[in-house]
Amino acid sequence: MYTAEQKFIRTSARKIRFVADGIAHLTPQQAVRQLKFSDKRAAAPLSAVIKRAIANAVNNDQADQASLRFAKIEVNEGPTYKRWRAVSRSRAHSIFKRTSHIKITLTSIISKLAEEKIKPVAKPAIKKTAKPITNKSKK
């Protein structure tokens with residue numbers, strides 16, 4: 001599992017989730033190519049985090065880029081900056097500047113296949129042959 005994370009992005013989590021849902025079924029390399037041509041503002045930070053996760057996999061564990069897939073794309077809400085704007089009659093309207101955190105987890109298909117081939121052997125069931133001891137006294 002290879003991860004990358006970006007925190008305190010000045011875009012709401014809802015807007016980033018919309019873009020993330022559109023690329024979740026793609027490979028990471030295809031996702032980066034598709035996000036490059038997206039009109040959404042959320043595409044840039046999402047693409048940067050994906051590139052970072054790919055770099056972590058390749059540089060740290062020498063994983064093959066072609067075998068990488070998305071294990072999880074998490075987009076969580078960050079803190080909200082609360083501001084206000086003066087309006088008529090000495091009043092104020094609230095402005096919420098939302099932030100978000102992105103965490104991407106990649107997995108390698110090759111490592112999944114290796115885990116499936118090396119499954120732990122189940123222990124055989126132990127049969128009890130002796131009769132259980134009872135403490136019943138006869139009267």
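Derivation of every value follows stated rules applied to the coordinates shown; laboratory data play no part. A quick note: this is a predicted structure, and the numbers were derived from the prediction, not measured. Note that each Cβ is placed from the backbone with ideal geometry, even for glycine, and that neighbours are counted across all protein chains shown.
In percent, rounded to a whole number, the relative contact order of region 8-80 is 43, using alpha-carbon pairs under 8 Å and six or more apart.
Is the C-alpha gyration tensor of region 2-112 telling us rounded, prolate or oblate? Criteria: a/c under 1.5 is rounded; beyond that, a/b larger than b/c is prolate, otherwise oblate. It comes out prolate by the Cα gyration axes.
As a proxy for reagent exposure, Val32, Val19, Val58 were ordered by neighbouring Cβ count within 10 angstrom, fewest first; the result is Val58, Val32, Val19.
Across region 7-15, computed HN-Hα scalar couplings (Karplus, 6.51 cos²θ - 1.76 cosθ + 1.60, θ = phi - 60°) run 10, 6, 7, 7, 9, 5, 5, 4, 5 Hz from first to last residue, x flagging Gly and Pro. Across the alpha-carbon set of region 67-114, the Rg to Rh ratio works out to 1.47, Rh being the Kirkwood radius.
For region 1-69, run through the chymotrypsin sites (Phe, Trp or Tyr not before Pro) and keep only the ones in DSSP coil with at most 14 other Cβ atoms within 10 Å of their Cβ. Here the sparse-neighbourhood loop sites are Phe37.
So if R0 is 35 Å, what FRET efficiency would Ala86 and Phe18 give, r being the distance between their Cβ atoms, rounded to the nearest 0.05? It comes out at approximately 0.60.
So if each residue of separation counts as 0.36 nm, and I subtract the Cα-Cα distance between Ala44 and Gln62, what length gain in nm does that give? If you can, show how the numbers build up before the last one.
Details: separation 18, 0.36 × 18 = 6.48 nm, distance 2.57 nm.
Here the segment from Ala44 to Gln62 would lengthen by 3.9 nm.
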